[in-house]
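Undergrad: My questions will all concern the structure given below.
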Amino acid sequence: MEALVVGAGVVGLAVARALALRGASVIVAEAAEGIGTGVSARSSEVIHGGMYYPPGSARARHCVEGRRRLVAFCDGHGVPYRLCGKLIVATCEDERAALETILSRGLANGVEGLAWMEGDEARRLEPDLACVAALHSPATGIVDSHALMLALLGDIEAAGGVLALRTPIEAAEPREGRWQVRFGGETPDTVRVDALVNAAGLGAQALARRFAGLAPEAVPRQVLAKGSYFGCTGRPAFSRLIYPAPVEGGLGIHLTLDLAGRMRFGPDVEWVEAADYGVDPARAPLFEAAIRRYWPGLPEGRLTPDYAGIRPKLTGPGEPAADFRIDGPGEHGLPGLVQLFGIESPGLTASLSLAEAVADRLTD
């Protein structure tokens, strides 16, 4: 089988790897000048446990299975990561119910080690923390996402796959049981493949509209949610990730760590019409107020604008969060085509499991 995967973010690379390891001849086409320059470059780099998502949902299944696969992959490929653990906190009595729901979902999803703590017990782990209760997730961690993507690419190339950078896909049409794909770039041309995977992230909907024969209703709307991050100067106050109760559109302004131990906070949720990666320093007071609910000791003036990401959501404000979409021939009726829509958090954690699901669709 000859396969073309469009998008060289973490999910696209994972899909290409899964197909290459099954013996497919794989090309990864990426419009940018390098791998992982879109959604994958602007995440929290968190290895999620899998406790937030409704049992039986694609997010729940692929997050839990993906986390297990990801840890094993990192161990086997020397990718830096650390399971530092996470505390999800209730900062007032009204937030206990939200934690109880997360605990119930986590247990139903098979998240290992998830445990309830009262405030005093949580403060024994993190003395600077303010909360009335918390959930402890020892299976949560952080990973070097760029090293992960380089390792995935290494496996692809070792299996004979090819990465084509600066290669935008202009159109594709099914023809005689295969896909004829026209691409641009420095040397425009066409290629014919047996299988086509749309893993273009923020560009997935725009790409899908270039596929001949695909019904317009098969392309879901896209809603953009911007998330800004602020760095924090000074010595880290926590050794674990700290998450508040979730908010509409996200998991709240949480404290994450990088592998060097530095603290950063975010993302917030800002519904936008177009991608904009600037971080507005004027948002710092909003961040400070949110952070001081669980870290009252945050010193004045310690937050500095860091970076921002855009989440490719399928639902907007006031709407229930949509599940991941993996649309194959059963959904849109076109053989040899699989499309991924709405792959936001926990997409990095779920990537290796999502990849197997896509490969199953194409090799069954």
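Rule-based calculations on the coordinates, nothing more; no lab input. Please read all numbers here as calculations on a predicted model, not as lab measurements. Cβ coordinates were reconstructed from backbone atoms using ideal geometry, including for glycine residues, and neighbour counts include every protein chain displayed.
Undergrad: Restricting things to Cα coordinates, could you compute the convex hull volume per residue of the chain in Å³?
TA: Details: hull volume 47.9 nm³, N = 364.
Per residue, the Cα convex hull of the chain comes to 132 Å³.
Undergrad: For the chain, what does the relative contact order come out to in percent, with C-alpha contacts under 8 Å and a separation of six or more?
TA: That works out to 24 percent.
Undergrad: With labels modelled as points extended 7 Å from the Cα through the Cβ direction, what inter-label distance (nm, one decimal) is found for GLU93 paired with ASP364?
TA: Using points 7 Å along Cα→Cβ, the separation is 5.1 nm.
Undergrad: A further question follows. With each label point set 7 Å from Cα along the Cα-Cβ vector, what nm distance links ARG221 and ARG325?
TA: Computed distance between label sites ARG221 and ARG325 equals 1.2 nm.
Undergrad: Something else now. For region 138-152 and region 222-270, what is the separation of their C-alpha centers, rounded to whole Å?
TA: 17 Å
Undergrad: Roughly speaking, what is the stretch gain from LEU150 to VAL162, that is 0.36 nm per residue apart minus the C-alpha to C-alpha distance, in nm to one decimal?
TA: Stretched fully, the LEU150-VAL162 segment lengthens by 3.0 nm.
Undergrad: Taking the chain as a Gaussian network, where each spring joins two C-alpha atoms under 10 Å apart, which residue of TYR229, TYR53, TYR277 fluctuates the most?
TA: TYR277
Undergrad: Collect residues whose amide H, placed 1.01 Å from N in the peptide plane, falls under 5 Å from the amide H of VAL28; neighbours closer than 5 in sequence don't count.
TA: Amide H neighbours of VAL28, under 5 Å, 5+ apart: VAL5, VAL162, LEU163, ALA164.
Undergrad: Of the beta bridges DSSP finds with both residues in the chain, what % are antiparallel, to the nearest 5?
TA: 70 percent
Undergrad: OK, next. If we count every other residue with Cβ under 13 angstrom of GLU2's Cβ, Lys/Arg +1 and Asp/Glu -1, where does the sum land?
TA: Cβ neighbours under 13 Å give a net charge of +2.
Undergrad: Which one of LEU135, GLY7, LEU83 is farthest out on the positive end of the charge dipole of region 1-148, using unit charges on Cβ (Lys, Arg +1; Asp, Glu -1) and the Cα centre as origin?
TA: The residue sitting most towards the positive pole is GLY7.
Undergrad: Is the C-alpha gyration tensor of region 1-134 telling us rounded, prolate or oblate? Criteria: a/c under 1.5 is rounded; beyond that, a/b larger than b/c is prolate, otherwise oblate. Show your work: numbers first, answer last.
TA: Numbers: a/c = 2.59, a/b = 2.23, b/c = 1.16.
Prolate.
Undergrad: Show me, for region 33-41, the HN-Hα J-couplings you get by feeding each phi into the Karplus relation (A = 6.51, B = -1.76, C = 1.60, θ = phi - 60°), rounded to Hz, glycine and proline as x.
TA: In residue order, the calculated couplings are 8, x, 7, x, 9, x, 4, 5, 7 Hz.
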